[in-house]
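The values are calculated or read from the model by the stated rules, or taken from the named source; none is laboratory data. Keep in mind it's a predicted model, so treat the numbers as computed, not measured. Note that each Cβ is placed from the backbone with ideal geometry, even for glycine, and that neighbours are counted across all protein chains shown. When the accessible area is computed, the model is the full protein with side chains, heavy atoms only, and any ligands, DNA or RNA have been set aside. Shrake-Rupley method; radii C 1.70, N 1.55, O 1.52, S 1.80 Å.
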Amino acid sequence: MPPEASGPSPRPALTPPPALSHRFSTSRQTLTWISDSFFSSLLSGRISTLKDETGAIFIDRDPTVFAPILNFLRTKELDPRGVSISLLLHEAQFYGITPLVRRLQLREELDRSSCGSVLFNGYLPPPGKSNPNTIVAGPQIAARLPATTDRAPVRRSNTMPPNLGNAGLLGPSEPGAVRIVCGHHNWIAVAYAQFLVCYRMKETSGWQQVFSSPRLDWVIERVALNAKVLGGALGDHDKMVAVASCSEIILWALQADGNGSEIGVFHLGVPVEALFFVGNQLIATSHTGKIGVWNAVTKHWQIQDIVPINSYDAAGTFLLLGCNNGSIYYVDVQKFPLRMKDNDLLVTELYRDPTEDAVTALSVYLTPKTSDSGNWIEIAYGTSSGVVRVIVQHPETVGSGPQLFQTFTVHRSPVTKIMLSEKHLISVCADNNHVRTWTVTRFRGMISTQPGSTPLASFKILSLDDLDAPAGCGAGTDIGPFGERDEQQVFIQRVVPDACQVFVRLSSTGKRICEVRSVDTAAITAFTVHECEGSSRIGSRPRRYLFTGHANGSVQMWDLTTAMEMLGKPPEAGGLTEEELLRQLDQCDLALTGPPGPPRTPNTSFRSPGPSRVDTPTPSPPLPKHRGEPLAVPPQPPYRGAEGDPPFSGGPRGGGSFVERCQELAQRLSPPENPEPPRFGGKSKILRPPPPRRPPNSGPPPTAPRTVPPPPGPVPAPPATTDALPIIPLATPKSRLNETSF
C-alpha cells in the first residue's frame with residue numbers, strides 16, 4: 001500500500017518476514033468507499049497501524065484471501081479465485097465489507113433452508129414450548145410439563161445424595177440439552193438432564209407427546225424403552241420405560257392414552273453401565289460383574305453376581321454376556337430359570353476363548369434355518385488383544401457347544417464393537433474407531449467357507465468426545481452400526497462435540513450416504529437410528545429415521561430410507577451454480593434488495609392513481625330475439641392496411657363458409673393487378689367483390705345481400721379524403737342447418 005494511503009504511525013516500524021508478506025498497492029478512495037469498514041477506521045486513525053521501512057501499512061491477515069476482497073473493492077465484482085467461500089466470508093466479516101458479506105451469505109444460503117433438505121422429516125420442540133406444527137396429545141397439564149422447572153414437583157431419591165441448589169444446573173452446559181434418544185417400534189424416549197419425555201407416532205396425526213416423567217433429583221445416565229409388550233401381567237397394550245443413574249433404576253408403565261404409573265425403584269448396588277429390555281424383562285448390567293433382571297410376570301427384581309462383564313448382546317429370549325475371563329455366558333430370560341438350591345439365576349457358560357482374552361465385543365446372528373432342535377446360531381466376538389473370531393452352533397450338536405469357524409487378527413487395539421449381519425462382518429477397534437469389514441458368504445442362509453469371508457474395506461469413524469461432559473453423555477452419541485441385520489447398516493459420525501451436523505456412512509464400505517445439518521443451527525448432543533412402522537397398509541414397509549437431539553432441547557427427524565434410495569443416483573441439475581449466482585448478484589445493489597414480500601390479497605386494486613384507469617369492458621349487445629331482426633354491431637375503429645389500402649371497418653361478416661369469407665376478405669384487401677391511375681375531380685369507382693362460391697345443392701342464390709343498419713348513436717366521421725373507396729358491408733350469414741357460422 002503506498003504511503004499516501006496510510007494514516008499516522010504511533011508505533012515504530014515493523015519489518016515482516018519477506019517470505020510471509022505480500023505487498024498490495026491501491027488508493028485511499030478504493031479502500032474507504034464503504035463506510036464503517038476496517039479500512040475506513042484504519043486510515044482515519046481510529047485503529048493503530050504498523051508500518052515497515054517504506055511506510056506501507058502491515059495487516060496481519062492471509063494475503064491469498066485478501067486479493068479477491070481488494071478486487072471487489074476496486075470493481076464491485078467478486079472473483080473467488082479458488083478461495084473457499086466460508087473462508088472468504090469470514091475475512092469479509094472481519095474487514096466489515098457489508099455488500100460482500102451479504103453476497104457471500106446468499107451464496108451459503110443457496111443450499112440451506114430453515115425447513116431442511118429433502119431428508120428432513122419433522123421437528124419436535126422442547127417440552128413446554130408451543131409449536132403450531134406439532135400436535136401434543138394426552139392429558140398433559142401445566143404441572144406435569146418439565147418446562148416449568150421452578151414449580152415442577154421433584155421426585156426425591158431415598159438412596160442417592162440430594163442435589164444441592166437448582167436441579168437444572170446438573171448436566172451439559174445447557175440444562176435443556178437432549179442427552180439420550182432411544183426408540184422402539186413407533187415410540188421414542190427423549191432424556192434430558194433430569195426428566196424424560198416419550199413420543200408416539202401415528203399414521204394420521206404424526207408424532208405426539210404422550211408422557212412426561214416427574215423431575216428427578218439426579219442426572220439420567222441410561223434409558224431403556226419397550227413399546228411392544230406381548231402378553232404378561234401388564235397386558236397387551238402397556239409400554240414400559242426405565243431410566244438409571246449410578247446404581248438406581250426407576251421403571252414406569254405407560255398406557256396409550258398418555259397416563260403413566262411408577263412400577264418401582266430398583267437398586268443394582270454398583271453403577272449401571274447398560275440398561276435394556278429383552279422381551280418383557282428389564283436387564284441392568286455392570287462391569288463389576290453384577291446383573292439385575294426384573295421379570296414382568298413375577299414382578300421380581302433379581303441380582304446375580306458373575307465375573308466382570310465387558311459386552312453383551314441379545315438373540316430372541318437369550319441374553320449373552322462377554323466376560324473378562326474370556327468366557328461367553330448365556331441366560332434364557334423368558335423362562336427365567338432359578339436354581340433350586342440357592343434361588344440364583346441359571347447362568348450357563350457357552351464358550352471360552354482359546355487364549356482366554358477378555359471378550360470386549362459380542363454379536364449374535366440367528367439364521368432363518370430352523371429345526372426341531374433350534375436355530376443355527378452364529379456368534380462373532382472381539383477380544384482385548386484385537387482378535388476377531390466367529391463361532392457357530394449346530395442345532396444337531398447342541399451338547400457339544402459352538403465350534404470355532406474363523407479368526408481374524410487385523411486389529412492392534414482392543415475391539416470395541418462388532419456386528420455380524422446377513423452380508424457383512426464389521427469390527428471396530430479403539431484406535432480412533434478404526435473399522436474393518438468383510439463380506440460373508442452364505443449357503444441356504446448359513447455362513448459358508450466357500451469362498452469364505454473376504455476383506456471389504458478399512459476406514460475410520462473419527463468422533464471426538466467432550467472430556468468435561470458429565471457421566472452418561474456418551475450413551476447418546478454411540479456411532480453404531482445401526483439398522484436391521486438383514487439390511488445395509490450405517491454409522492453416524494459427529495466429528496466434534498459442538499457440531500451442528502453429522503455424517504451418515506455405510507457400515508460396510510464407509511461411503512458417505514448423506515450429511516445432516518441442524519435446521520436451526522443448534523448443536524447436536526444425541527442421536528440414534530430407528531425404524532418405525534409408519535403405515536398399516538398392505539405392502540408398506542418400515543422406514544428408517546435418524547433422530548437428532550439438540551442443545552436447545554429440540555428433536556429433529558431425518559428420513560434415511562430416502563437417503564438410501566438416492567444413494568448412487570446422479571444428482572439432477574437444479575438451481576444456480578455458485579458461479580452463476582455470483583454473476584447474477586453482481587448485477588444489482590444488494591443494499592436495495594430484500595426477500596420477497598407477502599403475496600397480494602385477492603382484493604388488491606390494480607388501478608393506478610391519476611387520470612389513467614382501467615375501465616370495465618362494455619357488455620356485448622344482446623342477441624336478436626327473432627330470426628328476422630337485424631344484428632346490432634357496435635362501432636369499431638377502422639383498420640388500415642398497407643399504404644393506399646382502404647380502411648376496413650370490421651362490419652358485419654359475410655355469408656358462406658369460413659374459408660370463403662377469408663378468401664373474400666383477402667381479395668378485398670389485396671391491391672388490384674392493373675391499378676388505374678387516380679382520378680381527380682371525378683366520381684369514385686365502386687369495387688365489388690366477385691360472387692362467393694356456393695357449395696352444391698345449397699339452393700338458389702339470394703336476390704340481394706342484406707345489410708345491417710348502423711347502431712343508434714353518434715355516426716363516426718367520414719374519411720378525410722374524398723377519393724377513398726366506399727366501404728361495402730358484407731352480407732349477413734344466411735341461416736343454414738348444415739353449416740356452422742363464425
### Scan of region 61-78 for residues that are loosely packed, with under 15 Cβ neighbours inside 10 Å and farther than 17 Å from THR30 by Cα, ordered by number
ARG61, ASP62, PRO63, THR64
### Message
I need every pair where a residue in region 303-327 that is free of Cβ contacts under 8 Å to residues at least 24 places away in the same chain has its Cβ under 9 Å from the Cβ of a residue that is open to solvent by 10 Å² or more (accessible area, probe 1.4 Å) and acidic (Asp, Glu), sequence separation at least 6 or different chains.
### Response
ASP305/ASP344
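Name the residues in region 507-522 that are open to solvent by less than 40 Å² (accessible area, probe 1.4 Å), farther than 15 Å from TRP558 by Cα and free of Cβ contacts under 8 Å to residues at least 40 places away in the same chain, would you?
Across region 507-522, the qualifying residue is only ALA522.
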### Query
Residues that are of a type in the set (Lys, Arg) and modelled with pLDDT under 95: which strands (runs of 3 or more DSSP E) entirely in region 457-553 hold 2 or more of them?
512-517, 543-550
### Selected residue (criterion: most open to solvent (accessible area, probe 1.4 Å)) from residues of region 394-445 that are assigned to a loop (DSSP other than H, G, I, E, B), farther than 14 Å from SER458 by Cα and among the charged types (D, E, K, R)
ARG444
### Message
List the strands (runs of 3 or more DSSP E) inside region 273-320, counting only whole elements, that have at least 1 residues being among the charged types (D, E, K, R) and open to solvent by 20 Å² or more (accessible area, probe 1.4 Å).
### Response
290-295, 300-305, 309-315
#### Entry: Within region 79-110, considering residues that are assigned to a loop (DSSP other than H, G, I, E, B) and open to solvent by less than 50 Å² (accessible area, probe 1.4 Å), the one nearest to ILE47 (Cα to Cα)
GLY96
### Message
Please determine whether any residue of region 27-40 is over 16 Å from LEU100 (Cβ atoms) and of a type in the set (A, V, I, L, M, F, W, C).
### Response
no
### Task
Could you list, in sequence order, all residues of region 28-56 that are in a loop (DSSP other than H, G, I, E, B), open to solvent by 30 Å² or more (accessible area, probe 1.4 Å) and either free of Cβ contacts under 8 Å to residues at least 12 places away in the same chain or more than 15 Å from LYS76 (Cβ to Cβ) (or both)?
SER35, ASP36, SER44, GLY45, ARG46, ILE47, SER48, GLU53, THR54
### Task
Within region 367-379, identify whether any single residue is open to solvent by less than 10 Å² (accessible area, probe 1.4 Å) and at pLDDT 80 or above, and answer yes or no.
yes
